[in-house]
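The next block holds one structure in the form of structure tokens; read it before the comments.
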Amino acid sequence: MKELRVGMIGYGFMGRAHSNAYKRLTDFFPVQHRPVLKAVCARNAQKAKAFADTWGYERVETDWRRVVEAPDIDLIDIGSPNNTHRDIAVAAAKNGKMVVCEKPLAMNVAEAEEMTRAVEEAGVPNMVWFNYRRVPAIALAKQLVEEGRIGKPFHYRATYLQDWTISEDVPQGGAALWRLDADVAGSGVTGDLLAHSIDTAMWLNGPIVEVVAKTETFVKERLHQVTGQRAPVRIDDACMFLAVFANGSMGTFESTRYARGRKNFNTFELNGADGSVYFDLEEPEYLQFFEYKQLQSGKKVESHLTGWRKIHTTNSEHPYMNRYWVPGTCIGYEHTFLNALADFVMGIESGKPTQPDFRNALQTQKVCDAVLESANTGKWVKTGVTL
Ligand code: SOE
């Protein structure tokens, strides 16, 4: 077994999700690399120490530069806020480290391009943690598309709804709430939630070539946790956009943090000539599939039996499930990160890099930027996606 020595930047929600994946990797997947949790880095030494003690990191750093330059680290994991991604990724690549980065890849396309150039010039393995691709039901949807079971696609429909910022008393900025601060997050729901929807959509249905969007900021001013002052809110609280795919199909995307009762409601439906698939993260182990058949072995199908199938994706033949438990038992949110890490490590070992890498995630960034530009201008915007 080779060691995969990890330097983790950030200790929040994603630091935990990724750390869990490193710790469980070799328990579930037959890989040749054993992750070693070398260092965790955060500006707050006390919090980083508590994190290191909980998750088993060997040491704590407060300056990320020391981690990306450390000779005993192979892989830099960027789980810190969005405005730190570019500098850390570029420096890590220059130091010859592998880089795995939380989504969205960057604050904007210019940064994402610089990061992509840096990892490609350095020739280092890289990945963006778009974890929902690794939900077995979503990976099964991809398989059905590739098997030609959806046929010519017409419509793609995605929603990503949450409700945690409805109260005007929620501050912006600082620990846990940097997602509301445009200077740190880059955007609101577009980069945070729609980036997931766009990544899934383009994975299943190909490039999005043109968009028109509308955004809204419902609460115009919030207390800023860092400055202690009330300040204008500059992120998009909600975003809806229409999309045209390169294959000629049409898409609608809706995201908000103001859908009372919706905590992490991430759904999509793809409708084609021969079938449709529907997924809802509130029922994560199910993929719904409608198969349209007129003739079967020359005989008319029994049309009174046609209908949606709700496939419980927990059998060993379903994506990733042969690594886990017996049929009928399900896996959870944390396993999507474990599956992503396993794909990344198997990609290094096989020499066939896993997706989405930085170049692939750059395409999602292009769509996000086009959506925000369209929301500003009110016009259709070409994305320039080159998948
Ligand atoms: C935001 O609330 C958030 O934590 C996103 O940042 C994650 O990417 C998403 O998966 C869950 O919601």
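The values are calculated or read from the model by the stated rules, or taken from the named source; none is laboratory data. Fair warning: this is a prediction, and the values are worked out from it, not measured in the lab. Every residue, glycine among them, receives a Cβ derived from its backbone with ideal geometry; neighbour counts consider all protein chains shown.
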Can you find, within the range 90-109, the residue that is surrounded by the most Cβ atoms within 10 Å (Cβ to Cβ) among those that are in a loop (DSSP other than H, G, I, E, B) and within 16 Å of the ligand (Cβ to nearest atom)?
Leu105
Where Val326 falls short, out of the listed (1) touching a residue at least 12 places away in the same chain (Cβ under 8 Å); (2) on the phi < 0 side of the Ramachandran plot
(1)
Checking the structure you have, find out if any residue of the range 144-155 is part of a strand (DSSP E or B), within 16 Å of the ligand (Cβ to nearest atom), of a type in the set (A, V, I, L, M, F, W, C) and touching a Ser or Thr at 6+ places or on another chain (Cβ under 6 Å).
no
How many residues of the range 205-234 are hydrophobic (A, V, I, L, M, F, W, C) and in contact (Cβ under 8 Å) with a residue 60 or more places away in the chain? The answer is 6
Under the condition of being outside any strand (DSSP E or B) and of a type in the set (Gly, Ala, Ser), which residue from the range 1-47 is nearest to Ala342 (Cα to Cα)?
Ala21
Would you be able to tell me the number of residues in the range 115-143 that are under 30 Å from Lys310 (Cβ atoms) and not in a helix (DSSP H, G or I)?
3
Sole miss for Val60 among (1) within 30 Å of Gly191 (Cα to Cα); (2) over 25 Å from the mean Cα position of the chain (by Cα); (3) outside any strand (DSSP E or B) is condition (3)
Please state which of the following conditions Asp87 fails to meet, knowing it meets all the rest: (1) part of a helix (DSSP H, G or I); (2) more than 16 Å from the ligand (Cβ to nearest atom); (3) surrounded by 24 or more Cβ atoms within 10 Å (Cβ to Cβ); (4) not small (Gly, Ala, Ser).
(3)
If you go through the range 191-211 one residue at a time, do you hit one that is at pLDDT 95 or above, more than 14 Å from Phe268 (Cα to Cα) and within 11 Å of the ligand (Cβ to nearest atom)?
yes
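For residues that are more than 17 Å from Ile208 (Cα to Cα) and part of a strand (DSSP E or B), tally how many sit in the range 232-249.
Residues that pass the stated criteria total 2.
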